[in-house]
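K.L.:
Attaching a single structure in structure tokens format; questions to follow.
The values are calculated or read from the model by the stated rules, or taken from the named source; none is laboratory data. Quick caveat, the model's predicted, so the values are computed rather than measured. Virtual Cβ from ideal backbone geometry, glycine too; neighbours counted across all protein chains shown.
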Amino acid sequence: MPLSLAHPGEYIVTGIGGKRGMFVRLQSMGILIGDTINVIKPPPGPVIIAKGEIRIGIGVGMANRIYVVPKRGNR
Amino acid sequence: MWFLKGEIDEMEGINMVIAVGGNPNSGKTTIFNALTGSKQHTGNWPGVTVEKKEGEFTYKGIRIKVIDLPGTYSLSSYSIDEKIARDYLVKEKPDFVVVVADASNLERNLHLFLQLKELGQDILLVLNMSDIAKSKGIRINRKKLSQILGIPIVETIGNRGKGIDKLKEAITNFVPQGITTPGYFGRKFISLIEKMVDILREDSILYPPYFVAIKILEEDPEFIKIIETSHSKEKLMNLIIGAEKLSNGDTSTFIAEKRFGYIHGVFEECIEKRITVKERIYLSDRIDKVVTNRFIGIPLFFFLLWLTFEAVFKLGNPVAGWISDYFSWTASHISLFLSAHNVSPISISFVKDGIIGGIGSILVFLPNIFILFFIIALFEDTGYMARAAFVMDKIMHSLGLHGKSFIPMVMGFGCNVPAIMATRALESKKDRILTILINPLMSCSARLPIYILFAGIFFAKYQGMVIFSLYFLGILLAVLVARVFKAIFFKGEVAPLVMELPPYHLPVFRNILLISWERTKMFLKRAGTIIFGAVILIWILSSLPIGVDYASPNSIIGHIGRIFAPIFRPAGFGFYQASVALIFGILAKEVVVGTLGTLFGGAAHLGTALQNYFNPASAYAFMVMSLIYIPCIASIAVIKKEAGTKWALFAVSYSLTLGWTMAVIFYQIGRLFL
């Protein structure tokens, strides 16, 4: 499912779509496919995700292109 | 022994040149400030750290020059900041790089470190904010980490100045590590890279071949071009295909995974983290729940914006009043003094109206501008500015702009020059240029005196409302123009927003003061040069040819004005004084008021003189013209620098056309009602 449908809680990143630049940027910020992220501010609207100590704001457009699955034990 | 870098440095007695790099929000600027103290200068307008900052310090007799690199996450070609940092290191070859890393966030910070290593840099690592890391339960085995990475490491608490002496000691004792080939890509992959390096070495490339090979494999757009020009293109292609096979089709992800895998391994060895099962929700996250809430976020932002402008004008205006009083007091005393000494009236007018009046009319804005810069710096320092961009992203998107476009637009109310520089935060070139083009429509503080003057005379009762209407007109036009340009020149989607939200922290007062003062100083410098020059130029042009009445239609300035005047007849101000004021306003918009003052025989007569020439409709049209007609010289220069000559010319021509059209429309409509 896209990140734009997520609820607060833990998810695993399964794919990052869109332009290459954004993919590389997320990568260099430390968000890789297979990583566990924590949704701090859920949609609608822009989303805030956390990985470790990092907080990243993701606009609506990008949230549609990041694919996640809920981590087991999370709802 | 230390090698001397460049002849200039040698002449200046510099013994060593170092660069300070690191992730955004790693406290890099704090470390830079702590190292160099007040001994620093910004080569240009600062947009936080996007512009090159230099400083120096002397430790134990060794003079060290420090360059502050832009904060970056990697060294790709996808953002200007990363390119600036990369090119500086390769072209200027500093002795070594001090990498500032947030100790509580080491994993990601080490990613940049590895890329710098791949670029062949010698590195000294600074673990900053080590107190915060400790409070979060992160323990770093510094010795072991230093051993594994093969570099010296210093711990600091930058904002409290702790560990700075140790850092200086480590800098002066630094021993180059030499280039080592990182082993984390795996043997097979590395041998592929090495084969590429052998080929690339024979192509003349600015960058180290090892770095280029990796960047090609990462499909970095700028480096992929190198394949085309290589002397053995086919061999190179075969190697790239080979690498693709090794990495199951996605080389770029493979490389990133290897880097992070290595970092992870280092972590396991050197870092002890008392992990709580669930991610901890910090105070910062709790604040974000409110600040970025979808119902509270936007109203809160507008409330803060309103509060900012209240502060700028309510707190600034009384001080501005004192400054203005002081200057008119000085002017009248000096002119009394001069006339007592039989100085000719024209020279007196030069000193009084020209020099003192001209400079005074600029310094009057100093309090307002300083307060605006102070509040903007406060928002940046506490971490709120990033949230503002985040919150505004959706609205800005619907206008064809980016969330990050909003910050430059707000800054534009202060001065368009730093605002245009601040657009560098935008990753996409399209978004940047669009944001730059509409920025001059945000009514900067230099235009305010024009509004105050005209609104005060012609709309005394509704002065506040009229001035507000001009700001609003500027914003409205910016939105409309953005939509039109977007549809014509910048088709396609706006780059999506991905930005780090640094944890909130209490503002460091000294830092904010330093930043806002730096920016105000740039404004003052401009007042001292361009505007002063303009005043003298006006005075000369108004006095020549010899014997002519000052600023009369027969003076040079009168001739110039008369050529342009007919163009403005449909806008209601077709007399040469208005044209002359507008021409000189290009130097700086503040000059419009000063010029009108000079041309109409001094500030004292300005009120009555203007009433003879303008009516409310043409006065409003003139204000509209002043708002739109052209970016000032400094803005044009910075547009040229940031977007290129073509776009600078375009900005000039579109604004002239739009300004004239709007002025004519407002005059023709206004004439019917006013």
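K.L.:
Can you spot a residue in the stretch B:328-350 that is in a loop (DSSP other than H, G, I, E, B), within 25 Å of the chain's Cα centre (by Cα), of a type outside the set (Ser, Thr, Tyr) and not assigned by TED's automatic domain parsing to the domain that holds B:Asn25? Before you say what the answer is, go through the steps one by one.
P.N.:
In the first step, residues of the stretch B:328-350 are kept if they are in a loop (DSSP other than H, G, I, E, B); the result is B:341-344.
Those left that are additionally within 25 Å of the chain's Cα centre (by Cα): none.
Checked against the condition, which is being in a loop (DSSP other than H, G, I, E, B), within 25 Å of the chain's Cα centre (by Cα), of a type outside the set (Ser, Thr, Tyr) and not assigned by TED's automatic domain parsing to the domain that holds B:Asn25, the stretch B:328-350 yields no hits at all.
K.L.:
A further question on this structure: Quick one: which of B:Ile433, B:Ile452 is in contact (Cβ under 8 Å) with a residue 40 or more places away in the chain, part of a helix (DSSP H, G or I), away from chain A (no Cβ under 14 Å) and not acidic (Asp, Glu)? If you could, list the steps in order and put the result at the bottom.
P.N.:
Numbers: B:Ile452 fails: in contact (Cβ under 8 Å) with a residue 40 or more places away in the chain.
The match here is B:Ile433.
K.L.:
Within the stretch B:489-527, take every residue that is away from every other protein chain (no Cβ under 14 Å) and under 28 Å from A:Phe23 (Cα atoms) and give me the one that is surrounded by the most Cβ atoms within 10 Å (Cβ to Cβ).
P.N.:
Applying the filter and picking the extreme gives B:Phe490.
K.L.:
Among the listed residues B:Lys245, B:Lys289, B:Lys225, identify the single one that is facing another protein chain (nearest Cβ under 9 Å), surrounded by fewer than 18 Cβ atoms within 10 Å (Cβ to Cβ), in a helix (DSSP H, G or I) and not hydrophobic (A, V, I, L, M, F, W, C). Steps first, answer last, please.
P.N.:
Numbers: B:Lys245 fails: facing another protein chain (nearest Cβ under 9 Å); B:Lys225 fails: facing another protein chain (nearest Cβ under 9 Å).
B:Lys289 is the lone residue from the list that is facing another protein chain (nearest Cβ under 9 Å), surrounded by fewer than 18 Cβ atoms within 10 Å (Cβ to Cβ), in a helix (DSSP H, G or I) and not hydrophobic (A, V, I, L, M, F, W, C).
K.L.:
Here is a follow-up. Go through B:Gly558, B:Gly574 for me and flag whichever is out of contact with any strand residue (DSSP E or B) (no Cβ under 8 Å at 6 or more places or on another chain) and part of a helix (DSSP H, G or I).
P.N.:
Working: B:Gly574 fails: part of a helix (DSSP H, G or I).
Of the residues listed, the single one that is out of contact with any strand residue (DSSP E or B) (no Cβ under 8 Å at 6 or more places or on another chain) and part of a helix (DSSP H, G or I) is B:Gly558.
K.L.:
If you scan the stretch B:367-406, which residues turn out to be β-branched (Val, Ile, Thr) and modelled with pLDDT under 80?
P.N.:
B:Ile369
K.L.:
Answer yes or no as to whether B:Val154 is closer than 24 Å to B:Phe96 by Cα, assigned to a helix (DSSP H, G or I) and not basic (Lys, Arg).
P.N.:
The answer is no for B:Val154.
K.L.:
Could you grab me the full set of residues in the stretch B:107-131 that are of a type in the set (A, V, I, L, M), more than 9 Å from chain A (Cβ to nearest Cβ) and assigned to a helix (DSSP H, G or I)?
P.N.:
Of everything in the stretch B:107-131, those that are of a type in the set (A, V, I, L, M), more than 9 Å from chain A (Cβ to nearest Cβ) and assigned to a helix (DSSP H, G or I) turn out to be B:Leu110, B:Leu114, B:Leu116.
K.L.:
Starting from residues that are outside any strand (DSSP E or B) and surrounded by fewer than 21 Cβ atoms within 10 Å (Cβ to Cβ), keep the ones in the stretch A:54-73 and report whichever is farthest from the other protein chains (Cβ to nearest Cβ).
P.N.:
A:Arg72
K.L.:
Check the stretch A:4-17 and report whether any residue there is surrounded by fewer than 22 Cβ atoms within 10 Å (Cβ to Cβ), facing chain B (nearest Cβ under 9 Å) and over 22 Å from B:Arg387 (Cβ atoms).
P.N.:
The answer is yes, given that some residue of the stretch A:4-17 is surrounded by fewer than 22 Cβ atoms within 10 Å (Cβ to Cβ), facing chain B (nearest Cβ under 9 Å) and over 22 Å from B:Arg387 (Cβ atoms).
K.L.:
If you go through the stretch B:310-324 one residue at a time, do you hit one that is surrounded by 18 or more Cβ atoms within 10 Å (Cβ to Cβ) and among the hydroxyl-bearing types (Ser, Thr, Tyr)?
P.N.:
no
K.L.:
Hey, can you tell me all the residues within the stretch B:165-205 that are within 15 Å of B:Leu125 (Cα to Cα), in contact (Cβ under 8 Å) with a residue 40 or more places away in the chain and in a helix (DSSP H, G or I)?
P.N.:
Matches in the stretch B:165-205: B:Leu167, B:Lys168, B:Glu169, B:Ala170, B:Ile171, B:Thr172.
K.L.:
Here's another thing I want to ask about it. For residues in the stretch A:20-53 being more than 7 Å from chain B (Cβ to nearest Cβ) and within 22 Å of B:Ile138 (Cα to Cα), which is surrounded by the most Cβ atoms within 10 Å (Cβ to Cβ)?
P.N.:
Checked the stretch A:20-53; the qualifying residue surrounded by the most Cβ atoms within 10 Å (Cβ to Cβ) is A:Ile49.
K.L.:
May I pose another question? Return yes when B:Gly158 is under 30 Å from B:Ala103 (Cα atoms), buried (at least 20 other Cβ atoms within 10 Å of the Cβ) and modelled with pLDDT under 85 and no when it is not.
P.N.:
Taking the combined requirement at face value, the residue satisfies it.
K.L.:
It is to be established whether one or more residues within the stretch B:457-469 are within 14 Å of chain A (Cβ to nearest Cβ), in a helix (DSSP H, G or I) and either out of contact with any strand residue (DSSP E or B) (no Cβ under 9 Å at 6 or more places or on another chain) or not hydrophobic (A, V, I, L, M, F, W, C) (or both).
P.N.:
Looking through the stretch B:457-469, none of the residues is within 14 Å of chain A (Cβ to nearest Cβ), in a helix (DSSP H, G or I) and either out of contact with any strand residue (DSSP E or B) (no Cβ under 9 Å at 6 or more places or on another chain) or not hydrophobic (A, V, I, L, M, F, W, C) (or both).
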